């Protein structure tokens, strides 16, 4: 059976009037994320958020049932994690945080990590992994991390890149080697105190901001601060960003091992390569 990867939903609590859905909460999946995962012959499924406070809701499927039917979890990026979620005071009066999404994704983490299934957190997702294991966050890098380089540019968005170095002996160094790499940067928060059992896998070399974390007691529980879904082909001359393929393959191999489906995954990747070859894509 083809691997099925669950993706946490992004939540839009107050859609713009032009969408024609006033007073409705939207849940969505950024298309690059789906393309990145499904490019390897697996199925990507967004896991809907179900608000238990909705008066019309009679029964919510147990998280355990969702976990049982999925082979791994990817946490999308998005808005800030609420400081209250990790017991801190907000750095300013008004923050772009979403405690509702925090609660929803922490529930998913409890389920997938408890079941020993692989988890990959992207940007906000990496930060939430750290919070899940008892860590804290720097709430605003420009004002709270002396000497920090630019990690967010609202004008350039995913075109802002900077260098990262992988920690010797880390899983990322096993995947990519020790050469410095470039990654997208779309964040103003980062890991501060590292959570229980987590180790730092990569840093920004100039300011030492943590760029990736991993839990040492699970086969694959990792978070990366960059957005690998935005640089699908690291060999593209127009983009210096790190090739995201090896990271996704490491995640999917962990999912396949957990599900006992390594042969199926290999066959799926071979089919993808055959299709790409037939189209003249390398």
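The values are calculated or read from the model by the stated rules, or taken from the named source; none is laboratory data. Source: prediction; values computed, not measured. We place every Cβ from the backbone using ideal geometry, glycine too, and count neighbours over all the protein chains shown.
Being closer than 18 Å to residue 244 by Cα and surrounded by 15 or more Cβ atoms within 10 Å (Cβ to Cβ) holds for only one residue in 9, 44, and it is 44. For the range 22-40, the tally of residues that are assigned to a loop (DSSP other than H, G, I, E, B), surrounded by 12 or more Cβ atoms within 10 Å (Cβ to Cβ) and without any contact (Cβ under 8 Å) to a residue 24 or more places away in the chain stands at 0. Looking across the range 8-25, the residues that are modelled with pLDDT of 90 or more and out of contact with any helix residue (DSSP H, G or I) (no Cβ under 6 Å at 6 or more places or on another chain) come down to 9, 10, 12. In the range 76-92, the residues that are farther than 25 Å from residue 28 by Cα form Cβ pairs under 7 Å with partners that are in a loop (DSSP other than H, G, I, E, B), at six or more places apart or across chains, as follows: 86/136; 88/136; 91/139; 91/140. When residue 148 is tested against the conditions (1) closer than 25 Å to residue 119 by Cβ; (2) buried (at least 18 other Cβ atoms within 10 Å of the Cβ); (3) in contact (Cβ under 8 Å) with a residue 60 or more places away in the chain, the lone failure is (1). Consider the range 99-121 and keep the residues that are out of contact with any strand residue (DSSP E or B) (no Cβ under 9 Å at 6 or more places or on another chain) and without any contact (Cβ under 8 Å) to a residue 60 or more places away in the chain. The one that is surrounded by the most Cβ atoms within 10 Å (Cβ to Cβ) is 102. Residue count for the range 190-209 satisfying the condition of being farther than 14 Å from residue 161 by Cα and surrounded by fewer than 22 Cβ atoms within 10 Å (Cβ to Cβ): 10. The strands (runs of 3 or more DSSP E) found wholly in the range 177-232 and carrying at least 2 residues that are at pLDDT 95 or above and closer than 21 Å to residue 135 by Cβ occupy 198-203, 210-215, 221-224.
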